[in-house]
Number of protein chains: 2
Amino acid sequence: MDRTARRTENRYGNRPTMKDVAARAGVGLKTVSRVVNGEPGVTPDTERRVQEAIAALGFRRNDSARVLRKGRTASIGLVLEDLADPFYGPLSRAVEEVARAHGALLINGSSAEDPDREQELVLALCARRVDGLVVIPAGDDHRYLEPEIAAGVATVFVDRPAGRIDADVVLSDSFGGARDGVAHLIAGGHRRIGFIGDQPRIHTAAERLRGYRAAMEDAGIPVDERWMSLGVTDPERVRRAAEEMLKGQEPVTAIFAGNNRVTVTVVRVLAELDRRVALVGFDDIELGDLLQPGVTVVAQDAAQLGRTAAERLFRQLDGATLLPERIELPTRLIQRGSGELPPA
Amino acid sequence: MDRTARRTENRYGNRPTMKDVAARAGVGLKTVSRVVNGEPGVTPDTERRVQEAIAALGFRRNDSARVLRKGRTASIGLVLEDLADPFYGPLSRAVEEVARAHGALLINGSSAEDPDREQELVLALCARRVDGLVVIPAGDDHRYLEPEIAAGVATVFVDRPAGRIDADVVLSDSFGGARDGVAHLIAGGHRRIGFIGDQPRIHTAAERLRGYRAAMEDAGIPVDERWMSLGVTDPERVRRAAEEMLKGQEPVTAIFAGNNRVTVTVVRVLAELDRRVALVGFDDIELGDLLQPGVTVVAQDAAQLGRTAAERLFRQLDGATLLPERIELPTRLIQRGSGELPPA
DNA sequence: CCCGCATCTGACAACGTTGTCCAGGCCCTA
DNA sequence: TAGGGCCTGGACAACGTTGTCAGATGCGGG
């Protein structure tokens, strides 16, 4: 009772502090600190008394104060587009595992592909003094991060490079993956191949488009602009785009889908068709092997992207002064049937 | 240069503080604080000078210090099993959105279904003084949280109830959902129905098993223990369990799968079979409608679970003294074909 | 011209922890 | 037994911010 009365003001709902523990154990404040942090120089007997007091009061160290004193928060921030996207779940988990191995917690936020929101999130994380940031950028200008990086916030970009600043980036080989995927279709005899992808302002989308064009050019096939649909990912518009390129005198006989969301919708459209149209998608999709036909994809390893980025981040934090680097991970073509269908 | 020299010790890599800003703007410390926080009582001219100094130095408020002073961190913790699981992505995102609407950041951690790791994570979050916790429990004894809750940490459990303490919980109607799913199979003429689920120590798994038994009992069908496989989720063992109940003189003609991972594996097993076996799964799976046949599921709304829990959390934080409550969300049977196959 | 009041500003303490440093007690050696 | 070194414990300042309160300034009215 009297404790409650005495400490009514405490904003953490009457949480005991080291001072309280010290008073109860009849020792000095710093001795409690030593016990809590396992520092040497405390007799077993004293330690026992302190531990008892800690247990009795339900004391838990306030890491906010600790952080203020020590300067490291042991937390890192992850800003991605949408945690609900199956591509980012494994990535996030991988970052978390690496963080955990380094004793750090992970704070994450979804930018919803909005550059302003990305910036807002990143700066909020900086205000929390996260030790480092893993960012899947939505915007294309990251100069706002310059003071932060100069101030020592380790930063690694993932999936897409940073805009207008020089920073580490870990990405998949979108260009090569797309080129290989399209080349695979060409090797199967296709010549009229559609491409449905995201807005080219998104780096990965632009790279995949470039891969598509490169494969076509390598094969000497001129690209008809009607075969391409850019900046389209919501199901309704993907559907229309696909239907558009599938009709008329010279419909495409194969489609290359620029990401997992597009692929899924295209699969639906093709399922309703009475003729067989080939499909290769970028990003693996769950159960892709069980569909009829199985969905051929250019797979990237989301977890590996996250792991690589996080490891790079902690290498920065461990004091290595590294020059900004671009790490590109290979993609893998997985043949499951849809990409091996011959032209109609 | 001289600034660098002067503040070399600063552990945040020479980050300017309000004191630096004040010195540069030629005003008092508190005036800077007022400007930064948009408090009234600052002349436009003074404000301008301060803003200039802030911009020139690249100052960013240190929220750690702020938290220490104010007692609220504006962050909440989310502990779940595995962020890479497609069930938790949307849930996490929903929690994040609610947090964002309340100006809070989300720290999350994966327990990997390990009670010790869950406790470790939760206590680490408490040490950071998160304002609240959303927990998908792995363990079944949460008395370790009592001092925290007493100290004012808002807490809501999701998907499974807390163990040995009284706390808010938001869950899906696992029992009802499973009962309805199995009843649906029975209505389709099945009598030998298999059940493959997780360990019954996990609440949802136990409830779904109970639903299965209830449906069977309601229909007056005695359950053969060989039709049940508990504590099995990894693909290899699910596969064996399914194959086991599908062979012999009296094989099951339908399977009820206890969660999304089980469902996926069972789909694979059934795809290899030459006869048609009915399947109903708990949890929706992506592309379930595109498989042949479509996968009938008892769907729960992960995002709604997360949203409901987070909203409850913030109601606690807004000061409402609420009695611990159990909120149960309904499930929905989605018929897509696999659950409507007749007995062989 | 001075007083009172409103407005703006700044000095200071406090938040809970950790780093520094010194005091006191003990044991060992000369 | 005196002196020196080691071990344990505690007082105090500092981290960067915000709340409190009082001082300074300006203005209008008596």
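The values are calculated or read from the model by the stated rules, or taken from the named source; none is laboratory data. Note that the structure is a prediction, hence the values are computed from the model and not measured. Don't worry about glycine lacking a Cβ; one is built from the backbone with ideal geometry, like all the others, and counts go over all protein chains shown.
A compact table of results
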item	result
Selection within segment B:34-50 - part of a helix (DSSP H, G or I) and within 14 Å of another protein chain (Cβ to nearest Cβ)	B:Val36
All positions within segment A:271-300 that are closer than 28 Å to A:Thr155 by Cα and free of Cβ contacts under 8 Å to residues at least 60 places away in the same chain	A:Asp284, A:Ala299
Residues (outside any loop (DSSP other than H, G, I, E, B), under 23 Å from A:Arg69 (Cα atoms) and within 43 Å of the chain's Cα centre (by Cα)) located in segment B:16-33	B:Met18, B:Lys19, B:Asp20, B:Val21, B:Leu29, B:Lys30, B:Val32, B:Ser33
Filter result (in contact with a Phe, Trp or Tyr (Cβ under 9 Å, 6 or more places away or on another chain) and surrounded by fewer than 17 Cβ atoms within 10 Å (Cβ to Cβ)) within segment A:103-152	A:Leu123
Residue in segment A:81-101 that is modelled with pLDDT of 95 or more and more than 11 Å from chain B (Cβ to nearest Cβ) present	yes
Residue match in segment B:187-194 (condition: surrounded by fewer than 22 Cβ atoms within 10 Å (Cβ to Cβ), without any contact (Cβ under 8 Å) to a residue 60 or more places away in the chain and in a helix (DSSP H, G or I))	yes
Test: B:Glu96 is part of a helix (DSSP H, G or I), of a type outside the set (Lys, Arg) and under 12 Å from the mean Cα position of the chain (by Cα)	yes
Pair list, Cβ < 8 Å and 6+ apart or interchain, from segment A:51-65 residues that are within 7 Å of another protein chain (Cβ to nearest Cβ) and without any contact (Cβ under 8 Å) to a residue 40 or more places away in the chain to residues that are of a type in the set (Phe, Trp, Tyr) and part of a helix (DSSP H, G or I)	none
B:Ile327 being surrounded by fewer than 20 Cβ atoms within 10 Å (Cβ to Cβ) and either in contact (Cβ under 8 Å) with a residue 60 or more places away in the chain or in contact with a helix residue (DSSP H, G or I) (Cβ under 6 Å, 6 or more places away or on another chain) (or both)	yes
Scan of segment B:168-193 for residues that are within 21 Å of the chain's Cα centre (by Cα) and farther than 16 Å from B:Gln335 by Cα, ordered by number	B:Asp168, B:Val169, B:Val170, B:Leu171, B:Ser172, B:Asp173, B:Ser174, B:Phe175, B:Gly176
The listed residue being surrounded by fewer than 17 Cβ atoms within 10 Å (Cβ to Cβ), under 30 Å from B:Thr155 (Cα atoms) and basic (Lys, Arg), out of B:Arg315, B:Arg268	B:Arg315
Condition met for B:Ile165 (within 18 Å of the chain's Cα centre (by Cα) and closer than 22 Å to B:Leu322 by Cβ)	no
Subset tally (residues that are of a type in the set (Val, Ile, Thr) and within 14 Å of chain B (Cβ to nearest Cβ)) for segment A:150-164	2
Count of residues meeting criterion [more than 8 Å from every other protein chain (Cβ to nearest Cβ), outside any helix (DSSP H, G or I) and either over 21 Å from A:Thr308 (Cβ atoms) or in contact with a Cys (Cβ under 7 Å, 6 or more places away or on another chain) (or both)] in segment A:102-149	6
Positions within segment A:26-82 being hydrophobic (A, V, I, L, M, F, W, C) and within 9 Å of DNA strand C (Cβ to nearest atom), in sequence order	A:Leu29, A:Val32, A:Val36, A:Phe59, A:Ala65, A:Val67, A:Leu68
Checklist (1) away from chain A (no Cβ under 14 Å); (2) not in a strand (DSSP E or B) applied to B:Leu171, failing item	(2)
Tabulated pairs, segment B:15-29, first within 13 Å of chain A (Cβ to nearest Cβ) and farther than 16 Å from B:Val42 by Cα, second among the aromatic types (Phe, Trp, Tyr) and within 9 Å of DNA strand D (Cβ to nearest atom), C-beta under 6 angstrom, 6+ apart or interchain	B:Pro16/B:Phe59
